[in-house]
Amino acid sequence: MREARLPRGGPGSPADVTFLQELPSYQSMLRRRTSIGTPDYRSLARSTSEESRSLIDRIGCREPAKPLREYALSIAEKRHLRNIQEANTKCLSGWDQWKQTSRKWWRKCVEDTKALLSCLELWRHDIHGIEGKFGTGIQSYFSFLRFLVLLNFVIFLLMFTFVMLPSTFSRHGVFNSSDVKPPLKSTEAECTIYIVSGTKGLIYFYTYIIDLLSGTGFLEMTSLFYGYYTVDTVSLGIVRYSVPLAYLLTTLAYLSLSLLWIVKRSVEGFKQSLVRNEDQFQSYCNKIFAGWDFCITDVNAAWLKHSSLHYELKTDLEEERLKQRAAERTTQEKIRIYCLRIFLNLIVLAVLSGCFYSIYRATVYSQENISYDKKIKLEDHLWVQYLPSMVITMINFVAPLIFSVLIKLEDYSPTFEIQLTLMRCVFVRLANIGVLLFSLWTRITSCAEPKCETCGYNYKLYPCWESQVGQEMYKLMIFDFIIIFAVAIFIDFPRKLLVTHCSWKGCRSCGLQEFDIPDNVLEIVYGQTICWVGTFYCPLLPAIATIKYFIIFYVKKISLMHTCKPSARPFRASSSNFFFLVVLLIGLILAFIPLGLSMTHIRSSKACGPFVYFPRSWDIIAYTINRFPEVLRKVLNSMASEAFAVPFFMVLCLIMFYFMALAGAHKRVVNQLREQLVMESRDKLFLIRKLTEAQSLS
């Protein structure tokens, strides 16, 4: 009985040591001592006092990797630790003292620079206000919108610096330059005829409106479109600047930059998603003990967050119930539900086929009936011009409604219902762009005459087909902005007035429009995909997208503050950021496909653009390599040979295996840390049991 009492005596007494050695964590450490080494700083800590040693143990090293103010220590502990560091600094040599001082100075400079950049961050105060009133879920949408503004602005700077600026200066005689001249045969002379329609004779005022909305007429031969860039080389002293090569490389550069930027931003969200989905019990604990958003300062937003947490827990319990019910299904029930899902997915495929066929027919009808006759009414001309855009917008509105009805019949869990519906909507929106481009390229490459086959494309209907593809992307961008702006002004705002001021129950029952985060994200991802595809054919499209998203930020902010209410469906900032970037990455990958096919498989226009000298845009790469010195050309050819590719592939495999082994080691460390947390809980139980026994004996 006496041995069960807590030991008495001063710190470091034999009784204390014996008692601490009984802890489960100490016993576990003894068992692993042979496989785990002791950190180096512990040998340094032996010469210090017990208080100093405990402080060094808490920060993990003798020289902290970050400022002391970022550690969870009291003021007295920080002062004591700073005194220890100053005393240790005096014992160092002059070189070591200089390195330590330089390290601290550099760290302070980096912190000051980050603080200055954070003050200059676009919409910083606006986004913080939205976060404080509506939480981190909606804040993540506006942060994502800010990211797209910056991305498009950087893409515009690339195109402006390397393509637009040299071409514009050369056209105005600032630099000596030469224009592209295709080496055509006599049978291909008709391929070079390119007359811009609607720019001659008497021009009415409404014609300028049509040109501004459709990119035709006076806009067609401006720097807005591909056909304007006919400069071949620019002479800057002894340097010869190739505009066609810069045009292609800049396109590859902005696509690569977008890919790297998106992957970099999505890595953090991916790690959080892995941690969150690894253990369901951990997810429950996070919702109950760490689910509250302390950035919220508004009462209504607090109630909304409360209902969101309630909804999340209810959804998790519903998923567990559905999993249990799915596990208890009989064979007949499984066959019935699988047959129903197959049937409903066939309906989904039929809906998608109908949507794609509608876009194809609308595009063909629009291209066949476009006329520049001045006697045609303005509304008739715009209706024909914007018919594909209107059909795509209608499909983007109707198809998600059909999918949301069908998904209820497929008997999936609530989380999987949301994910599957969103992925179907993403596929519809992004595939619509692909179908539109396929419809255009089918007509561009369809040739019925021998001369047309010589040119490689339908030169009569599309003398400068790149500019006309750019016009379609331009119209999609403009029409998408008009729809977003019109919905906010003519639907959300009147609905707010009816719900607020109308006493009729029918108006009040409809309620305010919900600010649904996934739908709003799909809107801007759809527009960004148009920008990626269209920048090659319309180099100023990133500038238009930057202005568009800049205005949309304020439109959505005013709509959220005054005419809409937050969605009742919860959306975490971590999961939403990762979801936004994944959808954006899908859009970027889909943008690579049509651009790659047009550069490598479709013949370039002979009447406009920088690539009239080459059969295809990509051929300028081989042409440039052939003009290199022989030594450099041999090096590049050897890099493209099998003798280089096989060792390079083996090195990549070794690097991949190294990172796989590193990931395994990190996973083992994570498991050890989890075991350490478990042992700490056992230590607490052990101490509580000992304390209870001592109190009962006393």
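Structure notes:
- Number of the condition not met by Cys285 [criteria: (1) more than 26 Å from Asp516 (Cβ to Cβ); (2) open to solvent by less than 50 Å² (accessible area, probe 1.4 Å); (3) at pLDDT 75 or above]: (3)
- Comparison of Tyr474, Tyr462, Tyr526 shows that the only residue that is among the hydroxyl-bearing types (Ser, Thr, Tyr), modelled with pLDDT of 80 or more and part of a loop (DSSP other than H, G, I, E, B) is Tyr462.
- Meets criteria (open to solvent by 10 Å² or more (accessible area, probe 1.4 Å) and at pLDDT 90 or above) for Thr546: yes
- Set side by side, the residues Leu461, Leu401 differ, and just one is under 26 Å from the mean Cα position of the chain (by Cα), of a type outside the set (Val, Ile, Thr) and either under 20 Å from Ile586 (Cα atoms) or surrounded by fewer than 16 Cβ atoms within 10 Å (Cβ to Cβ) (or both), which is Leu401.
- In the range 216-238, residue most open to solvent (accessible area, probe 1.4 Å) [restricted to those that are aromatic (Phe, Trp, Tyr) and outside any loop (DSSP other than H, G, I, E, B)]: Phe218
The values are calculated or read from the model by the stated rules, or taken from the named source; none is laboratory data. This structure is a prediction, so every number in the text was calculated from the model and none was measured. Note: ideal-geometry Cβ built from the backbone for every residue, glycine included; neighbour counts use all protein chains shown. The protein model used for the area step is the full one, side chains on, heavy atoms only, and it has no ligands, DNA or RNA in it. Shrake-Rupley method; radii C 1.70, N 1.55, O 1.52, S 1.80 Å.
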